[in-house]
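Colleague: One structure follows; several queries about it will come next.
The values are calculated or read from the model by the stated rules, or taken from the named source; none is laboratory data. Everything numeric here is computed off the predicted structure, so don't read it as measured data. Counting neighbours? That spans all protein chains shown, and the Cβs are built from the backbone with ideal geometry, glycine included.
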Amino acid sequence: MMIDSYLSRLFGASSIRSPSVIATELYQRKDHGTFLLGNARDNPEASMVSTRSFEANLLGITGKSAIVTGAAGGMGSSTTRLLARLGANVLAVDLHFKRNQFRNMMPGKVLNFEADVSDYSQVKKAVSACVRSFSDVDILVNCAGILKGGTILDLDFKDWKRIIDVNLVGYVNFAKEVSTVMIRNKTRGRIVNVSSTAAISAEPGNIAYCASKGGIVSLTKALAIELAPQGIRVNSIAPGWTETPFATAYLTEKSKEAVRKRIPLGYICPPDEMARSIVFLASDMSSFMTGTIMVVDGGQLSDSTIPGVEY
Ligand SMILES: NC(=O)c1ccc[n+]([C@@H]2O[C@H](COP(=O)([O-])OP(=O)(O)OC[C@H]3O[C@@H](n4cnc5c(N)ncnc54)[C@H](O)[C@@H]3O)[C@@H](O)[C@H]2O)c1
């Protein structure tokens, strides 16, 4: 009903057009951000004007080109799969991939690209590959990350440099290349930088990681302000505990239970669930958000309960 009245308003009640013609026309109205239908020619799903496509239009993901870094990992692979299922074509970037990790990800296509995000020349090749394959870059999700513990006293400068190079310089490398393409193509793109609750609330023995994730928050604000005149939105997400090899490597069964108890919602987030929040920031659903840090932690940072204190 809603989509019918919307289409009547757009095209006039008397106009008789097939769904695919309407889809193509909507696609050509590139300025109609929220209701962009994606590439109707390459993506048959996008040509179905139905309630389902109304939802897809609201997200504005169908037919878009995306780059996801850290795409072989827990959160990155979930994000890649979700974007492809919503109809985006995705260049999945990581150091290494297991073969066929993203088989049958219709309606979007997924191409694996092996690159080290900290190496600018490799990043340039990755972004060129995305443009060559999918003609543009609409969405960048910077998600690659590493962690190695160390206090300020036992800090190893080689580890420090590597963590900053991957977690912070890697994000800058992709943001620079991708925003250059977006500005050249007049693409009102979206960049999502995966930070961490460690950017806001620190733990002892995690100096380099906390600093790198805090840097991502400031980087996001600076990029958002620079790129806002071109309509490019840049946001960061601060995930709390998420059930990926990255986090579980540091947890025993006992400490896992302790983590669950610290999270008001009572569970460690599955990566597919965290991917939805990442995709929210990459979608038109967050169209008036830029420069923000969105905390997604099951309530952990909001909880300042001190045992024994009652009101
Ligand atoms: N899992 C959590 O609890 C949690 C919480 C907060 C933030 N994060 C952040 O989320 C992001 C994803 O983490 P995850 O939990 O999916 O971890 P993960 O280890 O499963 O995935 C990280 C991926 O990054 C890739 N990577 C590392 N160095 C790279 C490089 N130089 N070039 C290209 N790729 C590289 C790895 O190969 C890996 O596939 C990271 O930035 C991490 O800091 C994770």
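Colleague: When only residues in region 174-187 that are touching an Asp or Glu at 6+ places or on another chain (Cβ under 9 Å) and assigned to a helix (DSSP H, G or I) count, which is farthest from the ligand (Cβ to nearest atom)?
Modeller: Met182
Colleague: I need every pair where a residue in region 256-278 that is more than 10 Å from Glu243 (Cα to Cα) has its Cβ under 7 Å from the Cβ of a residue that is basic (Lys, Arg) and assigned to a helix (DSSP H, G or I), sequence separation at least 6 or different chains.
Modeller: Gly266/Arg260
Colleague: While we're on this one: Output the residues belonging to region 97-119 that are among the aromatic types (Phe, Trp, Tyr) and more than 26 Å from Asp165 (Cα to Cα).
Modeller: Correct list: Phe102 only.
Colleague: Moving on to the next point. Does region 164-179 contain any residue that is without any contact (Cβ under 8 Å) to a residue 60 or more places away in the chain, in the same structural domain as Leu219 (by TED's automatic domain parsing) and among the acidic types (Asp, Glu)?
Modeller: yes
Colleague: Would you be able to say whether some residue in region 232-250 is away from the ligand (no atom under 16 Å from the Cβ), assigned to a helix (DSSP H, G or I), closer than 22 Å to Ser287 by Cβ and at pLDDT 95 or above?
Modeller: no
Colleague: Consider region 188-210. How many of its residues are within 21 Å of the chain's Cα centre (by Cα) and either assigned to a loop (DSSP other than H, G, I, E, B) or not basic (Lys, Arg) (or both)?
Modeller: So the count comes out to 14.
Colleague: Among the residues of region 143-173, which ones are among the hydrophobic types (A, V, I, L, M, F, W, C) and either closer than 17 Å to Ser218 by Cβ or more than 13 Å from the ligand (Cβ to nearest atom) (or both)?
Modeller: Hits for region 143-173 are Ile152, Leu153, Leu155, Phe157, Trp160, Ile163, Ile164, Leu168, Val169, Val172.
Colleague: Of the residues Ser218, Ser236, Ser201, which is surrounded by 24 or more Cβ atoms within 10 Å (Cβ to Cβ), closer than 27 Å to Lys158 by Cα and assigned by TED's automatic domain parsing to the domain that holds Ala247?
Modeller: None of the others qualify; the one that does is Ser236.
Colleague: Give region 221-233 a look and list any residue that's under 12 Å from Asn193 (Cβ atoms) and either basic (Lys, Arg) or surrounded by fewer than 23 Cβ atoms within 10 Å (Cβ to Cβ) (or both), or say none.
Modeller: Result: Lys221, Ala222, Ala224, Arg233.
Colleague: Return the residues of region 96-119 that are within 9 Å of the ligand (Cβ to nearest atom), part of a loop (DSSP other than H, G, I, E, B) and loosely packed, with under 14 Cβ neighbours inside 10 Å; say none if nothing qualifies.
Modeller: Matches in region 96-119: His96 only.
Colleague: One residue is enough: does region 296-309 have a residue meeting the conditions within 19 Å of Ile191 (Cα to Cα) and in the same structural domain as Pro245 (by TED's automatic domain parsing)?
Modeller: yes
Colleague: Tell me which residues, restricted to region 120-149, are closer than 14 Å to Gly70 by Cα and outside any helix (DSSP H, G or I).
Modeller: Within region 120-149, Leu140, Val141, Asn142, Cys143, Ala144, Gly145, Ile146, Leu147 meet the criteria.
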